[in-house]
Amino acid sequence: MAETSLDIREDFDFTGQTVCVTGAAQGIGEAVAEAFAVLGANVVIADIDAEGAAEVAGRLTDAHGVRAIGLETDVSEYDAAAAMVEATVEEFGALDVLVNNAGLMGTQKFLDSEPDDWAAKLGVSLFGTLNCTHAALPGMVERGEGAVINYASASYRGNDPGLSVYGAAKAANRSFTKTLAAEVGEAGVRVNCVSPGTVETPATEDFVEKYREKLGDAYALGRVGQPEEVAKGVVFLASDAASWITGETLHVDGGYLRR
Ligand code: NAD
């Protein structure tokens, strides 16, 4: 029988654990990294924006007294993902939680797009997930524990004109999550997915500003979300409070109504 207890506070104590969050120089990823820092984790801010990553790492160290580093990483490149994991293990000894947050949005009608546009979107949102996960898993399997959190989006369900390729990448992440969870579960590694609705971040601020009221109508709770609200869902999935949850997609979307 697995060892469990109802000391829920302990379940959310990440002291001594190392969490790597991709795309964490801003937006949801930054909030995710900060949430883990609040709970005592060492955090790795991996982002293509090296300066932004270093700034966030410095801020988290100052604010929460944890060890945090910024790593310039282009998740769409396998070698860069492998280097990210290597640098993490070198700095902190192991990687306990991988959060595949990096994603590339931007609306474009499919007929107006070119193969290069698809490659860019899939490169970050799908290959980024595959690259980082493939690089991180061997260490987790060897140690018999670890958690991976992937990202879908409300648009994985389709019916979001302009987000066909992005939505397809997000649907793939969801499917990948379920199958991978079945492959590595017995090795002690859990793989889950978070699916945010519209969240106010640098990627969406203009759009949200323009359509705030209309967007709110699409959610049972009547509003768009904030990065911290997604971060709490990610932390839950990574925590021991979710010790018997794997292969799941947690919809953090205010009760999105357009199914
Ligand atoms: P954002 O654009 O504000 O931030 C994304 C971060 O990823 C940036 O710091 C950027 O520099 C980094 N990044 C981009 N390409 C990269 C690469 N190749 N390698 C490493 N880092 C890279 O995005 P966000 O709104 O915070 O979204 C974060 C995640 O949540 C994404 O996966 C997104 O698809 C998903 N999501 C967001 C929303 C939303 O409404 N904001 C909704 C659903 C899902």
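For the stretch 17-116, which trypsin sites (Lys or Arg not before Pro) pass both filters: DSSP loop (anything but H, G, I, E, B) and at most 12 other C-beta atoms within 10 Å? Numbers along the way, then the final one.
Details: sites: Arg59, Arg67, Lys109; in loops: Arg67, Lys109.
Loop-located and lightly packed - Lys109.
First compute the accessible area of the stretch 44-85 with a 1.4 Å probe, then give the percent of it belonging to carbon and sulfur atoms. Display every interim value, and only then the final one.
Numbers: 980 of 2040 Å².
Result for the stretch 44-85: 48 percent of the exposed heavy-atom area is carbon or sulfur.
Have a look at the DSSP beta bridges in the stretch 105-259 and tell me what percent are antiparallel, nearest 5. All intermediate terms of the calculation are to be shown ahead of the outcome.
Numbers: 1 of 12 bridges.
Of those bridges, close to 10 percent are antiparallel.
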- line: Under the 7 Å Cα-to-Cβ spin-label approximation, Arg258 and Ala82 lie apart by a distance in nanometres of 4.1 nm
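Per residue, how many Å² of accessible area does the stretch 151-250 show with a 1.4 Å probe?
On the way: 4890 Å² over 100 residues.
Using a 1.4 Å probe on heavy atoms only, each residue of the stretch 151-250 averages 49 Å².
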Volume per residue of the C-alpha convex hull in the stretch 90-185, rounded to whole Å³: 99 Å³
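Could you state the accessible area per residue of the stretch 1-66 in Å², with a 1.4 Å probe and every protein chain left in place? Mind dumping the intermediate values first?
Working: 3280 Å² over 66 residues.
For the stretch 1-66, the per-residue accessible area is 50 Å².
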For q = 0.16, 0.17, 0.18, 0.29 Å⁻¹, Debye-computed log10 I/I(0) when each Cα of the stretch 194-259 counts as one equal scatterer: -0.57, -0.63, -0.68, -1.24
field: Degrees separating the helix 27-38 axis from the principal Cα axis of the chain, which is the longest one
entry: 20 degrees
- request: Read phi for every residue in the stretch 7-13 and hand back ³J(HN,Hα) as whole Hz from Karplus 6.51 cos²θ - 1.76 cosθ + 1.60, θ = phi - 60°, with x for Gly and Pro.
  value: 7, 5, 4, 5, 4, 9, 8
message: How large is the direction-averaged shadow of the alpha-carbon convex hull of the stretch 143-213, in nm²?
response: 5.9 nm²
message: Along its three principal axes, how long is the stretch 103-245 when you only count alpha carbons? Whole Å, largest extent first please.
response: 48, 37, 23
message: Just to confirm the number: angle between the C-alpha axis of helix 205-216 and the first principal axis of the chain, 0 to 90 degrees, nearest 10?
response: 80 degrees
statement: Restricted to the chain, the DSSP antiparallel beta bridge percent, nearest 5, is 5 percent
message: How are the alpha carbon pair distances in the chain distributed across 10 Å bins from zero to the largest one, expressed in percent?
response: 8, 32, 38, 19, 4, 0
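Can you give the FRET efficiency to the nearest 0.05 for Ser175 and His251, using r as the Cβ-Cβ distance and R₀ = 22 Å?
On the way: r = 16 Å, r/R0 = 0.71.
In this case the efficiency is close to 0.90.
Counting only protein heavy atoms and using a 1.4 Å probe, what share of the accessible area of the stretch 102-259 belongs to carbon plus sulfur, as a whole percent? Mind showing how you got there, number by number?
Values: 4460 of 8010 Å².
That share works out to 56 percent.
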statement: Each label sits 7 Å from Cα toward the beta-carbon; between Glu145 and Phe110 the label points are separated, in nm, by 4.5 nm
message: Could you check the spin-label model distance between Ala182 and Glu91? Points 7 Å from the Cα along Cα→Cβ, value in nm.
response: 3.6 nm
statement: Taking only the alpha-carbon atoms of the stretch 1-152, the convex hull volume per residue, in cubic angstrom, is 127 Å³
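So which chymotrypsin sites (Phe, Trp or Tyr not before Pro) in the stretch 190-259 end up in coil per DSSP with only 12 or fewer other C-beta atoms within 10 Å? Before the final figure, lay out each step's value.
Values: sites: Phe207, Tyr211, Tyr219, Phe236, Trp244, Tyr256; in loops: Trp244.
Sites meeting the loop and neighbour criteria: Trp244.
The values are calculated or read from the model by the stated rules, or taken from the named source; none is laboratory data. Just so we're clear, the structure is a prediction, and the values are computed from it rather than from any experiment. Counting neighbours? That spans all protein chains shown, and the Cβs are built from the backbone with ideal geometry, glycine included. Heads up: the accessible areas ignore ligands, DNA and RNA and are worked out on the full protein's heavy atoms, side chains in. Shrake-Rupley method; radii C 1.70, N 1.55, O 1.52, S 1.80 Å.
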